[in-house]
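Visitor: Input: one structure, supplied below.
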Amino acid sequence: MTISDSPQTTENLSSLKQAWRQLIKTVADLRLAIVLLLAIAVFSISGTVIEQGESIPFYQENYPEDPALFGFLTWKVILILGLNHVYTTWWFLSILVLFGTSLTACTLTRQFPALKAARKWKFYQKPRQFQKLALSTQLNVDNLASVNETLQQKGYKTFQENQSIYARKGIIGRIGPIVVHAAMLIILGGAIWGALTGFLAQAMVPGGSEFKVNNIIEAGPLSQPQIPQNWGIRVNRFWIDYTPDGTIDQFYSDLSVINNDGEELKHKKIYVNEPLRYGGVTFYQTDWGIAAVQAQVNNSPIFQLPMAPLNTNGNGRIWGTWIPTKTDLSEGVSLLAKDLQGTMMVYDQQGDLYSAVRPGMILDINGVKLKIHQLIGSTGLQIKADPGIPFVYAGFGLLMMGVIMSYVSHSQIWVLQEDERCYLGGKTNRSQVTFERELLGIIDSLETTKS
């Protein structure tokens, strides 16, 4: 006796097989799949409600420890659990993998066997077999050829063996669930692939400037090949269209994709919901700001000063800067602007409003002539690469097709000719009333033909 043939080894192999079958049965359990699906839905909702990819000060300000949101949700909880980047956390990806495993196990252990069983020819050889069918009857038909022809006219595929007929149609309805599961696996795979290889970045770029993607907010462990290295973006111009009442109608960015030598590779004007796509990277128009102001004192060269956003405690957006009026920086004025329409407010050193000014106007202040030439706007871009999106879209398309296929009824009819009696019965997996009507129509057609 060899070791492999020993009773102990055989018993161990049997135990392993039994444990493996039990594991597959547990993983394929519908209840587990429902729990995992609910967990995915809950955490996806949390990723929608809780802002993703923001800075720590943002969460500290909006989710303080006292008072905690809902009594427990604080910025520390959000950071510890990774709720600030839900879709790339190890536990969310693990849930997706486990759900995909459950779908795969269910497909292999239930859907494929059901399809295989549906494709088999099942002939009834005894009249008593028709008693277990909810719909069955006896006909005075002495020729199976007419029965076979009638079933085929109704769209059934028929198989005959001696005096017995098996007919079926709608087997695509058995394929539908398999397609649905395959589609969901493709969607899950696309989501996981996107989380591992994609990245998210932001940039606030003044008009006329060039930049490369480097302000990465969130990136997967395999995202480095997706980040552009041999090309960048030039913001040719940024502007805003305003409505007659002064509110923003739309803001635009004229962008050029340029290589490392400055040569233009692609050119496009973008605005909200109309992004620029190049090299698998998408540039969305999401924000705007005032980057700088160009001014001139007396006959000095035109100089440019940066403008910074000021804290208004939620009462609108204002940008400001300080413009020196003396070379030793001992005197100057404050300039405030709330938009790019051109009207700016000038305050003296005492903080009193001195005048309102528009581009091109000259002010006499502090013994000098101050000319404001123009405001320089900056475009706020969200930059995103997600290689999993094509798989997700393909999966959703396949999912819709699979759902439609699943609604097709799989109907089966058996016929047995014995002496002068013809037994006929059938069943379906859905649309029972419709199937009953169809079966009654077949019976009426056969009786009419007989008479």
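Values in this text are rule-based calculations from the coordinates and carry no lab data. Nothing here was measured: the structure is a model prediction, and the numbers come from that model. Every residue, glycine among them, receives a Cβ derived from its backbone with ideal geometry; neighbour counts consider all protein chains shown.
Visitor: Within the chain, which is the longest segment that contains none of the chymotrypsin sites (Phe, Trp or Tyr not before Pro) sitting in a DSSP loop with at most 14 other Cβ atoms within 10 Å?
Guide: 122-406
Visitor: Could you compute the net charge surrounding GLY289? Neighbours are other residues with a C-beta less than 11 Å from the C-beta of GLY289; K and R count +1, D and E count -1.
Guide: Charge balance near GLY289 sits at -1.
Visitor: Please give the net charge around PHE199, taking every other residue with its beta carbon less than 9 angstrom from that of PHE199, where Lys and Arg add +1 and Asp and Glu add -1.
Guide: That sum, taken over residues with Cβ under 9 Å, equals -1.
Visitor: For LYS212, put the label point 7 Å out on the Cα→Cβ axis and report which residues of the range 253-278 keep their amide N under 14 Å from it.
Guide: Once the point is set 7 Å along Cα→Cβ of LYS212, 258-263 turn out to lie under 14 Å by backbone N, inside the range 253-278.
Visitor: So how do LEU188, LEU305, LEU381, LEU310 line up by other beta-carbon neighbours within 10 Å, fewest first?
Guide: Lowest to highest Cβ neighbour count: LEU310, LEU305, LEU188, LEU381.
Visitor: Next question. So for the pair GLN349, GLU65, with labels modelled 7 Å out along Cα→Cβ, what separation do we get in nm?
Guide: In this crude spin-label approximation the distance works out to 4.5 nm.
Visitor: Here's a follow-up. Could you check the simple spin-label distance between ILE404 and GLN341, using points 7 Å along Cα→Cβ, in nm with one decimal?
Guide: According to this spin-label approximation, the distance is 5.0 nm.
Visitor: Now a separate question. Which one of PRO127, ASN215, LEU93 is farthest out on the positive end of the charge dipole of the chain, using unit charges on Cβ (Lys, Arg +1; Asp, Glu -1) and the Cα centre as origin?
Guide: Result: PRO127, furthest along the dipole toward the positive end.
Visitor: Separate question: Hey, can you grab everything whose amide H is under 5 Å from the amide H of MET361? Only 5+ residues off in sequence or another chain; H modelled, so Pro and N-termini drop out.
Guide: The list, which skips near neighbours in sequence, is ILE372.
Visitor: Then there is this: Compute, for the range 1-87, the length of the dipole vector about the Cα centre, with Cβ point charges of +1 (Lys, Arg) and -1 (Asp, Glu) only. Units Debye, rounded to 20.
Guide: 500 debye
Visitor: Given R₀ = 35 Å, what would the calculated FRET efficiency be for ALA19 paired with VAL42, taking r from the Cβ atoms and rounding to 0.05?
Guide: Efficiency for this residue pair is about 0.65.
Visitor: Once the mean 1/r over all distinct Cα pairs of the range 202-383 is inverted, what Kirkwood radius in angstroms do you read off?
Guide: This gives a value of 18.2 Å.
Visitor: Along the charge dipole of the range 3-111, which of PHE43, ALA105, LEU81 sits closest to the positive end, that is, farthest toward it, with unit charges on the beta carbon of Lys, Arg, Asp and Glu (+1, +1, -1, -1)?
Guide: The residue sitting farthest along the positive end of the dipole is ALA105.
Visitor: How big is the dipole moment of the chain about its Cα centre under a simple scheme where the beta carbon of each Lys and Arg is +1, that of each Asp and Glu is -1, and everything else is neutral? Debye, nearest 20, please.
Guide: Computed about the Cα centre, the dipole is about 2120 debye.
Visitor: Whole Å is fine, so just give me how far the alpha carbon centre of the range 91-153 lies from that of the range 381-451.
Guide: Distance between centres, Cα-based: 11 Å.
Visitor: What does the net charge come to around SER223 if you take all other residues with beta carbon closer than 14 Å to its beta carbon, with K and R at +1 and D and E at -1?
Guide: Overall, the nearby charge balance is -1.
Visitor: Skipping prolines and chain starts, which residues have an amide H placed within reach, meaning under 5 Å, of the one on TRP288, given they are 5 or more residues away or on another chain?
Guide: Under 5 Å from the amide H of TRP288 lie the amide H atoms of GLY380, each far enough along the sequence or on another chain.
Visitor: Quick one: Karplus J couplings for the range 286-292, per residue in order, coefficients 6.51, -1.76, 1.60, θ = phi - 60°, nearest Hz, x for Gly and Pro?
Guide: Values, residue by residue: 10, 8, 8, x, 10, 8, 7 Hz.
Visitor: Of GLY380, ILE165, TRP231, which is farthest towards the positive pole of the chain's charge dipole, taken about the Cα centre with +1 and -1 on the beta-carbons of Lys, Arg and Asp, Glu respectively?
Guide: Selected residue: ILE165.
Visitor: Follow-up question, since we're still on this one. What size of dipole, in debye to the nearest 20, comes out for the range 202-383 about its Cα centre when the only charges are +1 on Lys and Arg C-beta atoms and -1 on Asp and Glu C-beta atoms?
Guide: Roughly 200 debye for the range 202-383.
Visitor: Then there is this: Longer than 31 Å from Cα to Cα, which of LYS25/LYS427; LYS269/LYS338; LYS269/LYS326; LYS25/LYS132; LYS76/LYS212 are they? Say none if no pair is.
Guide: Cα-Cα > 31 Å for LYS269/LYS326; LYS76/LYS212; rest within.
Visitor: Write down Rg/Rh for the chain, rounded to two decimals, with Rg from the C-alpha atoms and Rh from the Kirkwood relation over Cα pairs.
Guide: 1.23
Visitor: Related question: Taking only DSSP H segments of four or more residues, each worth -39500 (n - 2.57), what value at 222 nm results for the chain once the sum is divided by all its residues, to the nearest 500 deg cm²/dmol?
Guide: One gets -11000 deg cm²/dmol as the mean residue ellipticity at 222 nm.
Visitor: Further question: Over the chain, what is the relative contact order in whole percent, taking alpha-carbon pairs under 8 Å and six or more residues apart?
Guide: 19 percent
Visitor: Of THR312, THR107, how do they rank once you tally other Cβ atoms within 10 Å and put the fewest first?
Guide: If I rank by nearby Cβ atoms, fewest first, I get THR312, THR107.
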